[in-house]
Structure formats: structure tokens, C-alpha cells
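Working notes, beginning with the structure itself.
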Amino acid sequence: QVHLVESGGGLVQAGASLRLECLAAGRTSETYAMGWFRQAPGKEREFVAGISWGGDTAYADSGKGRFAISRDNRKNWVILQMNNLNPDDTATYYCAHSAAPFVPPRGPYAYWGRGTQVTVSS
């Protein structure tokens with residue numbers, strides 16, 4: 001089992017930045033992929049960004065050029081830096097962890113955190 005805890009959400013104005021952090025504990029190591037998904041009210045959960053064990057990254061089109069994902073393998077920590085936020089980014093953001101090692105950055109993912117709320121006002 002893997003336990004994920006997110007932090008860093010909040011209420012910001014359009015154009016601001018936020019940094020989301022996720023700490024993984026349990027059956028994890030640097031060989032697993034980690035990522036971020038989000039879910040807005042009335043919408044399905046969608047992929048935001050992912051990073052593989054080797055540091056390969058992938059982003060949804062909505063975040064390209066604005067979001068950056070990184071990881072600290074010594075601390076089992078993954079970070080999502082979000083810049084130039086807009087109201088469409090409002091959602092609950094979930095940290096994700098792959099069930100198997102050596103998974104590409106888009107997954108598949110099997111473990112999820114409880115989420116952190118990001119609200120962007122116009």
C-alpha cells in the first residue's frame with residue numbers, strides 16, 4: 001500500500017502561482033511514477049502532469065507552459081508548480097502513484113491522495 005498526502009492548495013486570484021506538494025509513504029521508491037490529476041465539480045477526473053522514475057514528464061495541454069512537475073526521490077516527494085493560474089484551473093487536485101515500477105509518466109496510476117482544493121478567482 002501507498003499513502004499519499006497533498007498540501008499547498010488554496011484560494012488565489014487569476015495570474016497567481018501555487019505550489020502543490022505530495023509526500024508518499026509506504027511501498028514506494030524512486031522507481032515508481034507519480035503524477036497529479038484534478039477534478040472540477042460536475043466533471044471527470046483528468047490528468048494534469050506526471051513524472052516517471054527516470055524524470056520523464058508529461059503534461060495535459062491545459063497546463064503546458066504553465067505547470068511544472070518535479071520530484072525529490074530521497075524524500076519521496078513530488079511537486080507541481082502552477083503559474084499563471086486561471087479560473088478554469090479551479091478543481092480538487094489529487095496526487096497519484098503508480099502500482100508498478102518503471103511506468104511512463106502518464107501512468108497507469110493506482111493510488112490516490114485525498115486531494116487539495118485549488119480555487120482561482122477572476
Of 41, 87, 108, the one that fluctuates the most in a GNM where the chain has Cα springs shorter than 10 Å: 41
Placed amide H near residue 10: partners under 5 Å, 5+ positions off or other chain: 118, 119
Inter-site label distance for residue 77 and residue 57 at 7 Å from Cα along Cβ, in nm: 1.7 nm
Calculated FRET value between residue 46 and residue 86, using beta carbons and R₀ = 22 Å, to 0.05: 0.90
Label point distance in nm, residue 110-residue 68, each placed 7 Å from Cα along Cα→Cβ: 3.2 nm
Of every Cα-Cα pair in the range 1-61, the percent that sits beyond 14 Å: 68 percent
Amide H partners (placed H, <5 Å) of residue 115, local residues excluded: 6, 95
Residue among 106, 66, 38 with the largest mean-square fluctuation in a Gaussian network model of the chain, springs linking Cα atoms under 10 Å: 66
Computed E for residue 3/residue 31 - FRET, C-beta separation, R0 22 angstrom, nearest 0.05: 0.80
Most to least accessible of 36, 112, 53, 77 (protein chains only, probe 1.4 Å): 53, 112, 77, 36
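In whole Å and largest first, what semi-axes does the C-alpha gyration tensor of the chain yield when each eigenvalue is scaled by 5 and square-rooted?
Those come to 23, 14, 13 Å.
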Accessible area in square angstrom per residue, the chain, 1.4 angstrom probe: 52 Å²
Among 42, 65, 15: highest mean-square fluctuation, GNM of the chain, C-alpha pairs under 10 Å: 42
Estimated vicinal HN-Hα couplings, Hz - the range 7-20 in sequence order (Karplus 6.51, -1.76, 1.60; Gly, Pro = x): 8, x, x, x, 9, 9, 8, 4, x, 7, 10, 9, 10, 9
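The values are calculated or read from the model by the stated rules, or taken from the named source; none is laboratory data. Because the structure is predicted, anything quoted here is derived from the model rather than measured. Cβ: placed from backbone, ideal geometry, glycine included. Neighbour counts: every protein chain shown. Ligands, DNA and RNA are excluded from the accessible area calculation, which covers all protein heavy atoms including side chains. Shrake-Rupley method; radii C 1.70, N 1.55, O 1.52, S 1.80 Å.
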